[in-house]
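The values are calculated or read from the model by the stated rules, or taken from the named source; none is laboratory data. Predicted model, so just to flag it, every value in this text is computed and none were measured. Positions of Cβ are generated from backbone atoms using ideal geometry, with glycine treated the same way; all protein chains shown enter the neighbour counts.
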Amino acid sequence: MHKDTSKITAESPLPRAKPLLRRFFDRDPRHVAQELLGKLLIRREGSVIIAGRVVETEAYMGVTDAAAHSAAGVTARNAVLFGPPGYAYVYFIYGNHFCLNVSCMPEGDAGCVLFRALEPVTGLQEMANNRGLELPEEPRLAQLKALTSGPGRMAEALEITRLRDNGKDLTNPKKSDLWLADSGWRPSRIAITPRIGITKAAEEPLRFLIAGNPFTSGKKL
DNA sequence: GAGGAGATCGTCT
DNA sequence: GACGATCTCCTCT
């Protein structure tokens, strides 16, 4: 892969990016997961902005989905999923990692979308710092991929934790330091595959990614 | 580049 | 007490 990665850091879609509205999330998680591809996930750390383009998502369908955290009903951990759409559900997994979801569907319905990978857009040095990595002035593609290609990695790059972010409104940059926005950019091709890392309902085609994008996780398609 | 195993702890049974 | 929507390191090729 010899893609010119300098363009990734040079472009700046943030000024014209519009926050996603709550009704964007108030529908079937499969539609939300697909349309989130190409949107921006933005973190504000004081005066610093860290942002990435969403390149990989997974849909979880709620209590009818055996692989979903909400499959067994409401618990203290997953309560956000049963609330209104557009809020962050952050969980801790494998003793090491946090993962970010956004709640979908009306209140009472526990559908959600898991963010699995970002393409770094701005704040790359901050991402590297948060990940405990060194990033040279002219990074190689593999070094950029290591920042955000995977749910645990992107959460660490944006300093997403359960304590800090669970239950946060992802549609309101005035009240929240973590939100989603539309820069107008659209992916040309989308690929759909089974979800990764699960054992129940593992065959359902509920993983969505931007075809050909090098920043997705897992094996190359 | 691919594959396997260990780390590590919150959550639920 | 067992498990998990993962990552990293190590070995082998």
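Tabulated results
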quantity: Filtered residues of region A:174-210 (kept if hydrophobic (A, V, I, L, M, F, W, C), part of a loop (DSSP other than H, G, I, E, B) and out of contact with any Ser or Thr (no Cβ under 8 Å at 6 or more places or on another chain)); calculated: A:W185, A:I198, A:A201, A:A202, A:L206
quantity: Residue that is nearest to A:T216 (Cα to Cα) [pool: residues in region A:145-177 that are touching a residue at least 60 places away in the same chain (Cβ under 8 Å) and acidic (D, E)]; calculated: A:E159
quantity: Check on A:T171, within 16 Å of DNA strand B (Cβ to nearest atom) and either part of a loop (DSSP other than H, G, I, E, B) or surrounded by 16 or more Cβ atoms within 10 Å (Cβ to Cβ) (or both); calculated: no
quantity: Residue in region A:84-95 that is under 17 Å from A:I160 (Cβ atoms), away from DNA strand B (no atom under 14 Å from the Cβ), modelled with pLDDT under 95 and in contact with a helix residue (DSSP H, G or I) (Cβ under 7 Å, 6 or more places away or on another chain) present; calculated: no
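Here is a yes/no grid of residues against (1) crowded, with 24+ Cβ neighbours inside 10 Å; (2) touching a Pro at 6+ places or on another chain (Cβ under 8 Å):
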| position | (1), (2) |
| --- | --- |
| A:E107 | no, yes |
| A:V113 | yes, yes |
| A:R116 | yes, yes |
| A:L135 | no, no |
